[in-house]
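The values are calculated or read from the model by the stated rules, or taken from the named source; none is laboratory data. For clarity, every value in this text was computed on a predicted model and none was experimentally measured. Note that we place each Cβ from the backbone using ideal geometry, even for glycine, and neighbour counts take in every protein chain shown. Note: accessible area is taken over every heavy atom of the protein model, side chains too, but ligands, DNA and RNA are not part of it. Shrake-Rupley method; radii C 1.70, N 1.55, O 1.52, S 1.80 Å.
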Amino acid sequence: MSLGQWRASSTARAVFWAAACFAFAMAVVPHPPEVPGHPNDKVEHIVAFVVLALLGSFAYPRALFARLLIGLSLFGALIEVVQAIPMLQRDSDIWDWVADTAAVAVVLSLVWLRRRAASA
C-alpha cells in the first residue's frame, strides 16, 4: 500500500486511534515503564503529540486542521485532568498541556505548508 493509498484509509484511522489509546494508557498508568534514554516529561509529551498529529493528519486528511488541533489539545487536557486523580500517583501539569498543544500546532502547520507546496 502506497502512502497515498494509506491516507484516509481505515488502516490509517485504526493506527491513529491505537496510538491515542496507547498514549492515554501510558499517561495515566501509575508506574509507566521507563523510556530508553530517560527523556524528561515534556519531551515525552512532545514526542507523543507530534506522532498523534502526524497520524491524525494522515488518518483524517480532509479534516480542518483547526479541528485536529482542538481535538488533540482537548485530549492533552483530558490527560492532565486524569493525572490529577490522587490514587494514580501521577503529576498533572498545565505546561504539559501547553507542550502537547504547541507540538500539534507546529506539526499541523508544517503539514499544511507541505500540502500547499505540493498543490502549487
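List of remarks:
- Selection of first residues in the range 21-49 that are closer than 17 Å to residue 91 by Cβ and of second residues that are open to solvent by 80 Å² or more (accessible area, probe 1.4 Å) and assigned to a loop (DSSP other than H, G, I, E, B), restricted to Cβ pairs under 7 Å at least 6 apart or on distinct chains, gives the following pairs, ordered by first then second residue: 30/89.
- One residue stands out in the range 83-114 among those that are aliphatic (A, V, I, L, M), part of a helix (DSSP H, G or I) and more than 15 Å from residue 45 (Cα to Cα): the one that is nearest to the chain's Cα centre (by Cα), namely 108.
- Residue check for residue 68: without any contact (Cβ under 8 Å) to a residue 60 or more places away in the chain and open to solvent by 60 Å² or more (accessible area, probe 1.4 Å): no
- Residues that are open to solvent by less than 70 Å² (accessible area, probe 1.4 Å) and assigned to a helix (DSSP H, G or I), drawn from the range 24-45: 24, 25, 26, 27, 28, 41, 42, 43, 45
- Qualifying residue in the range 49-57 (condition: in a loop (DSSP other than H, G, I, E, B) and either in contact with a Cys (Cβ under 6 Å, 6 or more places away or on another chain) or aromatic (Phe, Trp, Tyr) (or both)): no
- Residue match in the range 82-96 (condition: within 30 Å of residue 115 (Cβ to Cβ), open to solvent by less than 90 Å² (accessible area, probe 1.4 Å) and either touching a residue at least 40 places away in the same chain (Cβ under 8 Å) or touching a Leu at 6+ places or on another chain (Cβ under 7 Å) (or both)): yes
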